[in-house]
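Heads up, the thing below is written out as structure tokens.
The values are calculated or read from the model by the stated rules, or taken from the named source; none is laboratory data. Owing to the predicted nature of the structure, the values given are computational and were not obtained by experimental measurement. So basically every Cβ, Gly included, is an ideal-geometry build from the backbone, and we count neighbours across all protein chains shown. The accessibility values were calculated without ligands, DNA or RNA, using every heavy atom of the protein model including side chains. Shrake-Rupley method; radii C 1.70, N 1.55, O 1.52, S 1.80 Å.
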Amino acid sequence: MGILYLAALLVSLTGMVVLDRRFRLFFFHRPRRAAVVLVVGVAFFVLWDLAGIGLGIFFRGETEFMTGLQVAPELPVEELFFLTLLCYLTMNVFAGARRLIGRSTA
């Protein structure tokens, strides 16, 4: 059960890739730009998390569903996958909404 949360994040990320590929939303539309945006987004949120941890605001929640592996004190490895999913989902939704809005106004 220790990898259930990580497995769910990986399944969700796979879903984002499938949607992206099917509709050419983000990486499958402009791969270089997408890589830069994703890396910058994840880096921003990791720095945000580290600042919150340093200030004593954020703490690692322990459940039986997590691996227990940490990237840094109070920063579980699952957080990196969650932040990647969050950024990828946001860009897919943004690109899809932009496409739908553009289609409805034409």
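Structure above, values below:
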quantity	calculated
Selection count where residues are among the hydrophobic types (A, V, I, L, M, F, W, C) and surrounded by 14 or more Cβ atoms within 10 Å (Cβ to Cβ), scope the stretch 55-71	4
Residue in the stretch 55-106 that is modelled with the lowest pLDDT, counting only those that are assigned to a helix (DSSP H, G or I) and among the small types (Gly, Ala, Ser)	Ser104
Count of the stretch 11-42 residues which are within 18 Å of Val71 (Cβ to Cβ) and surrounded by 15 or more Cβ atoms within 10 Å (Cβ to Cβ)	4
Count of the stretch 48-79 residues which are under 18 Å from Ala8 (Cα atoms) and of a type in the set (Gly, Ala, Ser)	2
Test: residue in the stretch 43-54 that is surrounded by 12 or more Cβ atoms within 10 Å (Cβ to Cβ), more than 16 Å from the chain's Cα centre (by Cα) and not in a helix (DSSP H, G or I)	no
Contacts under 7 angstrom Cβ, first residue in the stretch 1-28 being outside any helix (DSSP H, G or I), partner open to solvent by less than 60 Å² (accessible area, probe 1.4 Å) and polar (S, T, N, Q), 6 or more apart	Gly2/Thr67; Ile3/Thr67; Leu25/Asn92; Phe26/Asn92
